[in-house]
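Undergrad: Structure incoming, see below.
The values are calculated or read from the model by the stated rules, or taken from the named source; none is laboratory data. What you are looking at is a predicted structure, and each value in this text was computed from that prediction instead of being measured. Cβ placement follows ideal geometry from the backbone for every residue including glycine, while neighbour counts extend to all protein chains displayed.
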Amino acid sequence: MSVEVEQQTRVKLKAPQLYKVVLLNDDFTPMEFVVKILIEIFGKSPSESRAIMLRVHNEGSCVVLVTTKEIAEQKVREVQKVSLAFKHPLRCKTEPA
Ligand code: TYC
């Protein structure tokens with residue numbers, strides 16, 4: 001006679017820490033450039049992009065996206081790369097949500 005022992009392993013999955021991408025105001029980057037960034041890099045609609053841009057302009061910053069660390073860091077790099085290419089001082093940063 002054989003005895004079978006079934007073992008169950010419980011794996012606890014933790015949701016990944018999410019990160020915010022925060023867009024920052026400056027006095028020099030043209031408004032239309034910021035709108036373009038929001039459309040092309042963040043996939044926002046033209047009207048939402050304009051609203052976000054104005055919010056950053058008036059309030060100093062605005063959360064644009066909440067996502068995984070990797071994607072947040074990638075978006076920040078993309079913004080830096082395009083802004084540098086056009087010689088605009090546009091900055092954005094990532095921080096834990
Ligand atoms: N303040 C800028 C201007 O007056 C516009 C601007 C908006 C710049 C949002 C950066 O993230 C920004 N031209």
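Undergrad: How about region 72-97: which of its residues are among the hydrophobic types (A, V, I, L, M, F, W, C) and out of contact with any Phe, Trp or Tyr (no Cβ under 8 Å at 6 or more places or on another chain)? Give the steps one after another, and end with the answer.
TA: Initial filter on region 72-97 (among the hydrophobic types (A, V, I, L, M, F, W, C)): 72, 76, 79, 82, 84-86, 90, 92, 97.
Scanning region 72-97 gives Val76, Val79, Val82, Leu84, Ala85, Cys92.
Undergrad: Every residue in region 83-96 that is closer than 17 Å to Val64 by Cα and either of a type in the set (Val, Ile, Thr) or loosely packed, with under 12 Cβ neighbours inside 10 Å (or both), please.
TA: As a first pass, look at region 83-96 and keep what is closer than 17 Å to Val64 by Cα: 83, 90-96.
Answer for region 83-96, where residues must be closer than 17 Å to Val64 by Cα and either of a type in the set (Val, Ile, Thr) or loosely packed, with under 12 Cβ neighbours inside 10 Å (or both): Thr94, Glu95, Pro96.
Undergrad: Among the listed residues Lys69, Lys36, Lys44, which satisfies the condition of being in contact with a Phe, Trp or Tyr (Cβ under 6 Å, 6 or more places away or on another chain), more than 8 Å from the ligand (Cβ to nearest atom) and more than 13 Å from Cys92 (Cα to Cα)?
TA: Numbers: Lys36 fails: in contact with a Phe, Trp or Tyr (Cβ under 6 Å, 6 or more places away or on another chain); Lys44 fails: in contact with a Phe, Trp or Tyr (Cβ under 6 Å, 6 or more places away or on another chain).
It is Lys69.
Undergrad: Give me the residue from region 47-64 that is near the ligand (Cβ under 10 Å from one of its atoms) and of a type in the set (Gly, Ala, Ser) and, out of that set, farthest from Gln80 (Cα to Cα).
TA: Looking at residues that are near the ligand (Cβ under 10 Å from one of its atoms) and of a type in the set (Gly, Ala, Ser), I get Gly60.
Undergrad: Check whether at least one residue in region 22-32 is more than 10 Å from the ligand (Cβ to nearest atom) and loosely packed, with under 12 Cβ neighbours inside 10 Å, and report yes or no.
TA: In the first step, residues of region 22-32 are kept if they are more than 10 Å from the ligand (Cβ to nearest atom); the result is none.
Checked region 22-32: no residue is more than 10 Å from the ligand (Cβ to nearest atom) and loosely packed, with under 12 Cβ neighbours inside 10 Å.
Undergrad: Name the pairs whose Cβ atoms lie under 7 Å apart, with the first residue in region 11-32 and farther than 19 Å from Pro46 by Cα and hydrophobic (A, V, I, L, M, F, W, C), the second away from the ligand (no atom under 16 Å from the Cβ) and not in a loop (DSSP other than H, G, I, E, B), and 6 or more positions between them or separate chains?
TA: Leu18/Val66; Leu18/Thr67; Leu18/Thr68
Undergrad: Report yes if Asn58 is in contact with a strand residue (DSSP E or B) (Cβ under 7 Å, 6 or more places away or on another chain) and either at pLDDT 95 or above or within 14 Å of Arg91 (Cα to Cα) (or both), otherwise no. Full working, then the answer.
TA: Working: in contact with a strand residue (DSSP E or B) (Cβ under 7 Å, 6 or more places away or on another chain): no; either at pLDDT 95 or above or within 14 Å of Arg91 (Cα to Cα) (or both): yes.
Here the answer is no, as Asn58 does not meet what is asked.
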